[in-house]
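Quick notes on the structure that follows.
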Amino acid sequence: MMYLILITVFLTAILRLKAEGVKPAARTGILLLLVLCAAAVPAGGPALAEQAGPEIPAPEFSQASGFYDDPFELKILSEEGLSVYYTRDGSIPDETDTLYTGPLEVNDRTHEKNVLSDRTDIIAPNQWGDAVAPLMKVDKADVIRAVAVDGQGNRSAVSTAVYFIGYQDKAEFYRNYKVISLTVDPDDLFDPERGIYIQGNAFDKWLHSDAYDPSLDEWLIPGNYLNRGREWERQARMQIFDGGTEVFSGEVGIRIHGGANRDSEQKSFNIYTRKEYGTKVINYDLYDGENISEAEDEIITEYDSFILRNCGNDNKFSRIRDHLIQGLVWGRNFITQAMTPCLVFIDGEFWGHYEITEKLTDDFIHDHFGIQKKNVVLMKNEEVEEGTEEDGQEFTAFRDWIRETDFSDEEAYRQLEEQVDLDGLAEYLTVEFYICNWDFGHNNFACWRARETDPNNDWADGKWRFILYDTEYSTGLYGTVKPDENAIERLREKDCFISNLFFGAMENPEFREKFANTYDDLTTAEFADNLVQDAVLELYGRNLDVILATYDRFWPNWPGGPDGANVLMSQVQDILNFFAERRQYSDEHVTKLLSWYR
């Protein structure tokens, strides 16, 4: 049949070329080219080569994924005539794996040897030593993946199930937290070439190259986990359990998330839904009714991405700073990220406490403010995160205008007021100054606007607005972010957009008054001593057990181990001490700032 098609194509080509007056010699050359192309086509032809095989129904499991008190026998169900192969290590099954011949015993596998948890080639060497495997066997779930294969070798989609057995006898926190299971081919995490969680080939090449520098900070040392972009996204099955019941299951993409803490033993993940994975959106209230759309005044229940965050710079310390700060100042004239704690398992092994955190994307802005995604301009660290190259050029021009303009001039200030949400700026910077965010200015800064205005949407006015995120490098962390630190002067020393904008606006007496009033209001209300102390102790009490379990999972010698509870308490006390002393120094810094302009 294929050859009849090719003959027809050749005859049609000859007649067309002759009719269009193409000379015989040229016709011969063109036809020769067609013959060569035809010879390169597989016998099935181009159309046939692209055709998928027959659709093979995926296997089903006799028991739904979830939490069970006791072991049980599991049947893998499939259509007659199909062979079923399965794995129990998270890998994608094929004909080289175990053939299903009868029911499987599903058990609590915690007593079995740690596998992924014992990997120690996941961080760069540093002054504190290499990664340390857990000293005990971590909690485990039974993960089963299965595929059906017909007699011609055609395969079905992969089915995945995860079973938590005997968890009624384990830590109480499993009943109080969302549990997220990620099932991913282990090679996608730990293969030297393509693994995203490992030092891998990127580290080995650097180690044996002219670029090798033993004095390089560990977070800058090359490793696979430093790689970014779609090329370093891997497919996984994500299942979310709430109260022991599966509330979501779907294929997603995962990438390593973050900046310097990519070099942490416990790494953060970006989670993406994609049409090609078969999961367009996560239809689930990730934040228990606490993430509200400002535009619709309704709970946001659809997400196309989010972050499983390891608590950033605070991950070996209190693990509550970012959640604490964002929760204290929620509802002001800048946007915060919704956060809620969860427990993560990877290929059935306990991966510790994470914070489910909103991701800064055009979808994030759309969900909160009703701006069409194509109309969102989002800048992160003065780079275009969402938008076009032209948007970036306009931002650069705006930044240059701010640097060159004297805003004590009333007309110039009115122009600034038309382009920036100045109420939000005053509130946003009050928070950054008061918590003394050390890693802020050039870094951890985001703002957004609607490119085109919409008179029917108050947020689509074209003004730049601000987003608070990654606030944990603050409030006494590392013992270096001290309550007497002058965060205002630290920002003044930085040549960056937010510094230029703030100190430019401060040239105008109207903005100085706005900032002074905002500072007094916000620090008296949101940062009132009793509110801060209650919030700190509430988060500490709620998360105590999961934090200690995460310490032991990743850092069993310190901060984990027998002294873990004291270590955590000392970290929490650092936060309380910071806020207890901060108001005095911060007031002095603001007074000094205001007097400087008089």
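For the range 245-270, give me each residue that is in contact with a Lys or Arg (Cβ under 9 Å, 6 or more places away or on another chain), among the β-branched types (Val, Ile, Thr) and touching a residue at least 40 places away in the same chain (Cβ under 8 Å).
Ile254, Ile256
Here are some residues: Asn500, Asn517. Which one is open to solvent by 20 Å² or more (accessible area, probe 1.4 Å) and either in contact with a helix residue (DSSP H, G or I) (Cβ under 6 Å, 6 or more places away or on another chain) or closer than 16 Å to Arg582 by Cα (or both)?
Only one candidate qualifies: Asn500.
Identify, please: which residue in the range 179-189 is under 20 Å from the mean Cα position of the chain (by Cα) and open to solvent by 10 Å² or more (accessible area, probe 1.4 Å) and is, among those, farthest from Asp142 (Cα to Cα)?
Among those that are under 20 Å from the mean Cα position of the chain (by Cα) and open to solvent by 10 Å² or more (accessible area, probe 1.4 Å), it is Asp188.
Let me spell it out: the conditions are (1) in contact (Cβ under 8 Å) with a residue 60 or more places away in the chain; (2) in contact with a Lys or Arg (Cβ under 8 Å, 6 or more places away or on another chain); (3) not β-branched (Val, Ile, Thr), and Ser499 meets all of them except one. Which number is the exception?
Only one criterion is unmet by Ser499, namely (1).
Checking the condition β-branched (Val, Ile, Thr), within 28 Å of Tyr163 (Cβ to Cβ), in a loop (DSSP other than H, G, I, E, B) and touching a strand residue (DSSP E or B) at 6+ places or on another chain (Cβ under 6 Å), which residue from Ile196, Ile254, Ile240 passes?
Ile196
Considering each of Asn444, Asn486 in turn, give the residue that is touching a residue at least 12 places away in the same chain (Cβ under 8 Å) and within 18 Å of Leu360 (Cβ to Cβ).
Asn444
Quick one: is Phe433 within 22 Å of Asp574 (Cβ to Cβ) and modelled with pLDDT of 95 or more?
Yes, satisfied.
Identify, by number, the condition in (1) touching a residue at least 24 places away in the same chain (Cβ under 8 Å); (2) within 30 Å of Glu246 (Cα to Cα) that Gln152 doesn't meet.
Going through (1) touching a residue at least 24 places away in the same chain (Cβ under 8 Å); (2) within 30 Å of Glu246 (Cα to Cα) one by one, Gln152 breaks only (2).
Just one of Glu193, Glu105 is free of Cβ contacts under 8 Å to residues at least 60 places away in the same chain and in contact with a Leu (Cβ under 9 Å, 6 or more places away or on another chain); which is it?
Glu105
Give me a count of the residues in the range 303-332 that are in contact (Cβ under 8 Å) with a residue 12 or more places away in the chain, open to solvent by 50 Å² or more (accessible area, probe 1.4 Å) and either farther than 23 Å from Ile271 by Cβ or of a type in the set (Lys, Arg) (or both).
The number of residues fulfilling the criteria is 1.
Of (1) more than 47 Å from the chain's Cα centre (by Cα); (2) modelled with pLDDT of 95 or more; (3) of a type outside the set (Asp, Glu), Val9 satisfies all except one. Which?
Condition not satisfied by Val9: (2).
Hey, among the residues in the range 588-598 that are exposed (fewer than 14 other Cβ atoms within 10 Å of the Cβ) and not basic (Lys, Arg), which one's nearest to Ile325 (Cα to Cα)?
Here the answer is Glu588.
Would you please name the residue that is surrounded by the fewest Cβ atoms within 10 Å (Cβ to Cβ), looking only at residues in the range 266-302 that are among the hydroxyl-bearing types (Ser, Thr, Tyr), touching a strand residue (DSSP E or B) at 6+ places or on another chain (Cβ under 6 Å) and part of a loop (DSSP other than H, G, I, E, B)?
Tyr284
Taking into account only those residues within the range 158-169 that are touching a residue at least 60 places away in the same chain (Cβ under 8 Å) and not β-branched (Val, Ile, Thr), which is most open to solvent (accessible area, probe 1.4 Å)?
Gln168
The values are calculated or read from the model by the stated rules, or taken from the named source; none is laboratory data. This is a predicted model, so every value here is computed, not measured. As a convention, Cβ positions derive from the backbone with ideal geometry for all residues, glycine included, and neighbour counts pool all protein chains shown. Just the protein is used for accessible areas: all its heavy atoms, side chains included, with ligands, DNA and RNA removed. Shrake-Rupley method; radii C 1.70, N 1.55, O 1.52, S 1.80 Å.
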